[in-house]
Amino acid sequence: MEDIKAYIESGILELYVLGDLTQAEKLQVEEMASKYPAVKAELDEIERSIELFAENNAVVPSEHLRDKIINSIATTDYGADGTLNLKAEETKDNVISLATGKANNFYKYAFAACLALLLASSVGLMVLYNRLQQSNTQIAALQLDKQHFANVVSLKDGELEVLQDASFKFLKLKGTAKSPVSQVTVAWSPARKKVWIDMRSMKMPVNDKEHQYQLWALIAGKLVDLGVFDKNADTIDMKEMKSIASADAFAVTLEPRGGSPSPTMDQMMVIGKF
């Protein structure tokens with residue numbers, strides 16, 4: 001049904017009514033109209049609309065001109081041989097009336113032709129606009145895919161850096177009384193001031209939409225924020241956190257989404273030190 005709707009909205013039916021199709025395209029439209037009542041009904045509606053518009057905009061002769069035509073017919077004189085005899089004045093009036101009628105017909109059909117051309121142009125512009133919108137959507141999707149691919153490549157490069165750089169130290173943070181089975185592995189390079197979390201091996205409860213886990217570094221007895229992260233089914237392999245040059249220990253707490261300026265100590269999930 002969606003295909004039939006798209007076919008009707010494509011503008012080909014208007015072009016058929018206006019006679020602006022090849023013979024093969026005309027046959028295709030006629031075949032579709034015979035197979036699908038919806039196509040036939042739309043075709044009939046387009047034809048009626050154009051005819052109605054032409055009728056509504058037809059030029060009606062003035063009262064004076066109509067009276068002249070009637071008087072001319074009433075005073076018609078036939079000769080003995082049955083031929084039509086007209087006085088010079090009547091002949092002139094009739095010629096003028098005939099010319100006026102032809103002019104009126106010409107303008108009427110010219111106006112209808114202009115209307116048809118305008119309708120065809122509108123349909124063409126609408127089809128072109130729809131195709132342009134589809135192209136813009138496709139371009140936007142490609143740009144998103146490109147950005148996603150670039151992010152993935154950058155992430156994989158970072159993961160390789162962690163695995164290949166000997167300056168990285170690995171620390172396994174173990175669960176607290178709040179969550180005894182929890183576990184998080186942190187990779188930290190003091191020389192490069194970089195901190196990564198191994199998300200794939202993480203053992204943590206899945207957080208809800210109102211909360212996030214927050215990583216902290218213990219420096220001289222003070223906990224410093226290193227950023228937030230989520231635990232869910234789509235978790236990536238590694239996640240880079242905020243940079244830090246020194247730390248005595250690391251810990252993770254459960255905080256309101258977006259993180260907290262200071263840790264909620266009774267929500268500490270894991271902790272570990274070198």
Every residue from region 6-45 that is among the hydroxyl-bearing types (S, T, Y) and touching a helix residue (DSSP H, G or I) at 6+ places or on another chain (Cβ under 9 Å) | Y7, S10, Y16, S34, Y36
Do you know which residues across region 204-245 are in a loop (DSSP other than H, G, I, E, B) and among the aliphatic types (A, V, I, L, M)?
-> M204, V206, A220, A233, I236, M241, I244, A245
With G227, G175 as the choices, which residue is closer than 24 Å to T264 by Cβ, at pLDDT 95 or above and under 40 Å from the mean Cα position of the chain (by Cα)?
-> G227
Considering only residues of region 244-274 that are loosely packed, with under 13 Cβ neighbours inside 10 Å and polar (S, T, N, Q), which is farthest from K209 (Cα to Cα)?
-> S246
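Where residues in region 21-35 are of a type in the set (D, E, K, R) and within 20 Å of G124 (Cα to Cα), which of them is surrounded by the most Cβ atoms within 10 Å (Cβ to Cβ)?
Kept after step one, since they are of a type in the set (D, E, K, R), are these residues of region 21-35: 25-26, 30-31, 35.
If we keep only those that are within 20 Å of G124 (Cα to Cα) too, we end up with 25-26.
Numbers: E25: 13, K26: 15.
For region 21-35, the residue satisfying everything is K26.
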Determine whether region 200-215 contains at least one residue that is in contact (Cβ under 8 Å) with a residue 24 or more places away in the chain, loosely packed, with under 14 Cβ neighbours inside 10 Å and closer than 12 Å to G272 by Cβ.
-> no
Specify the residue that is farthest from the chain's Cα centre (by Cα); the eligible residues are those in region 246-260 that are under 18 Å from K174 (Cα atoms) and either assigned to a loop (DSSP other than H, G, I, E, B) or hydroxyl-bearing (S, T, Y) (or both).
-> D248
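Could you check region 214-231 and list, in sequence order, the residues that are among the aliphatic types (A, V, I, L, M) and farther than 9 Å from G259 by Cα? Break it down stepwise before answering.
As a first pass, look at region 214-231 and keep what is among the aliphatic types (A, V, I, L, M): 215, 217-220, 223-224, 226, 228.
Of everything in region 214-231, those that are among the aliphatic types (A, V, I, L, M) and farther than 9 Å from G259 by Cα turn out to be L215, A217, L218, I219, A220, L223, V224, L226.
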Do any residues in region 26-43 that are under 16 Å from A6 (Cβ atoms) have Cβ atoms under 6 Å from those of residues that are among the hydroxyl-bearing types (S, T, Y), where the two are at least six apart or on different chains, and which pairs are they?
-> V29/Y16
Matching residues in region 179-206 - criterion: being over 13 Å from K242 (Cα atoms) and in contact with a strand residue (DSSP E or B) (Cβ under 6 Å, 6 or more places away or on another chain) = S179, V181, S182, Q183, V184, T185, D198, M199, S201, M202, K203
Filter pass, K222 being exposed (fewer than 14 other Cβ atoms within 10 Å of the Cβ) and under 16 Å from A251 (Cβ atoms) = yes
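The values are calculated or read from the model by the stated rules, or taken from the named source; none is laboratory data. From a predicted model like this one, the values you see are computed outputs, not experimental measurements. All Cβ positions, glycine included, derive from the backbone under ideal geometry; neighbour counts span all protein chains shown.
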